[in-house]
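The values are calculated or read from the model by the stated rules, or taken from the named source; none is laboratory data. Computed from a predicted structure; not experimentally measured. Cβ placement follows ideal geometry from the backbone for every residue including glycine, while neighbour counts extend to all protein chains displayed. Surface accessibility is based on the protein's heavy atoms, side chains included, excluding ligands, DNA and RNA. Shrake-Rupley method; radii C 1.70, N 1.55, O 1.52, S 1.80 Å.
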Amino acid sequence: MSPGTLQVNAETVRYSICTSKLRVKPGDVAVHGEAVVCVTPRENSKSSMYYVLQFLKEDLPKVVVQGIPEVSRAVIHIDEQSGKEKFKLLVEGDNLRAVMATHGVKGTRTTSNNTYEVEKTLGIEAARTTIINEIQYTMVNHGMSIDRRHVMLLSDLMTYKGEVLGITRFGLAKMKESVLMLASFEKTADHLFDAAYFGQKDSVCGVSECIIMGIPMNIGTGLFKLLHKANRDPKPPRRPLIFDTNEFHIPLVT
């Protein structure tokens, strides 16, 4: 790939150096020909000439002239299985939005294994699909097959709040309000102490809470309740009290 295709020449290199964080003034960068750029170091009150030279020697190669700064490497793979040559681009780095917007890249076929990057760029539904595909991809490569519905249930649990939450004590604390469920996962004593101190209430409607309390959980056969209608008066009759008898009343005036 020629430099003309990448739109890189001595002037673009000079412009990138001047607009970078090196604090190099345009007067200190001179262009000599098509491939020679000279950067003149300037000594100041804070740094001597030696330190300025060492600083430029270390940071000048890190200046991004053309491309995406967050991408560190890209590999082009030619796929000829379907009879037509298809070029696949494997990118190391982040910034999915910039990669999709790059000229020549088919944005509808672009994917990423960074769930948070996908959620920020394409939304929470795309992040849910990414979690499903990555778990399936990892398990298949290890020779294990999991029904897709199990993975869908897990990804739904991680994303139903509108953000990607991990199955950790921090993520579960944002998912659920149940104290017993959090206590059954990690740091049991801390969760129970905080719940007792702040007077929290637990409705005991989840699976973990019902197992701890030893009551049927509201799933499957435990979802139904049996009601029995008894034929009796809605209000029981009132019993006579012993103090209602006049014989025990003492007259106050004789």
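Set the Förster radius R0 to 35 Å, insert the Cβ-Cβ distance between V39 and V105 as r into 1/(1 + (r/R0)^6), and round the FRET efficiency to 0.05.
My answer for the efficiency is 0.60.
Taking DSSP loops as anything outside H, G, I, E and B, show the longest stretch in the chain free of chymotrypsin sites (Phe, Trp or Tyr not before Pro) there with at most 16 other beta carbons within 10 Å.
The longest such stretch corresponds to 1-159.
Computing the accessible area with a 1.4 Å probe over protein heavy atoms, can you report the carbon and sulfur percentage for segment 112-167?
Carbon and sulfur: 55 percent of the exposed surface of segment 112-167.
Compute the helix-to-body angle for 148-159: its Cα long axis versus the longest principal axis of the chain, expressed 0 to 90° and rounded to tens.
The angle comes out at about 90 degrees.
So for the pair Y50, N141, with labels modelled 7 Å out along Cα→Cβ, what separation do we get in nm?
4.9 nm
Helix 10-19: angle to the longest alpha-carbon principal axis of the chain, degrees 0 to 90, nearest 10?
Here the helix axis deviates by roughly 40 degrees.
Let me know the shape class of segment 113-190, please: from the alpha-carbon gyration tensor, a ≥ b ≥ c as square roots of the eigenvalues, rounded when a/c is under 1.5, otherwise prolate if a/b is greater than b/c, or oblate.
oblate
Go ahead and run the numbers for FRET between I215 and F193, Cβ-Cβ distance against an R0 of 25 Å, rounding to 0.05.
0.55
Under a crude label model (7 Å from the Cα following the beta-carbon direction), how far is E92 from Y160 in nanometres?
Here the answer is 4.0 nm between the modelled labels.
Pull out the extension gain between K176 and R148, defined as 0.36 nm times the separation in residues minus the alpha carbon to alpha carbon distance; nm, one decimal.
Residue separation times 0.36 nm, minus the Cα-Cα distance, leaves 7.7 nm.
Please report how far the C-alpha centroid of segment 75-111 lies from that of segment 179-249, rounded to the nearest whole angstrom.
Spelled out, the Cα-based centre of one part sits 59 Å from the other.
Here are some pairs, K86/K106; K25/K62; K201/K235; K120/K161; K21/K46; K84/K106; which of them have Cα atoms lying more than 22 Å apart in this structure?
K201/K235
Would you calculate the separation in nanometres between label points at A74 and L241, each defined as 7 Å from the Cα along the Cα-to-beta-carbon direction?
Modelled inter-label distance: 9.0 nm.
Quick check for you: with a 1.4 Å probe and neighbouring chains kept, what is the accessible area per residue of segment 67-129, in Å²?
Computed with neighbouring chains in place, this is 77 Å² per residue.
Estimate the FRET efficiency between F248 and L227 by the formula 1/(1 + (r/R0)^6), using the beta-carbon distance for r and 51 Å for R0, to the nearest 0.05.
The pair F248/L227 has a calculated efficiency of 0.70.
Within the chain, which is the longest segment containing none of the trypsin sites (Lys or Arg not before Pro) that sit in a DSSP loop and have at most 14 other Cβ atoms within 10 Å?
Counting at most 14 other Cβ atoms within 10 Å as exposed, the longest clean stretch of the chain is 107-160.
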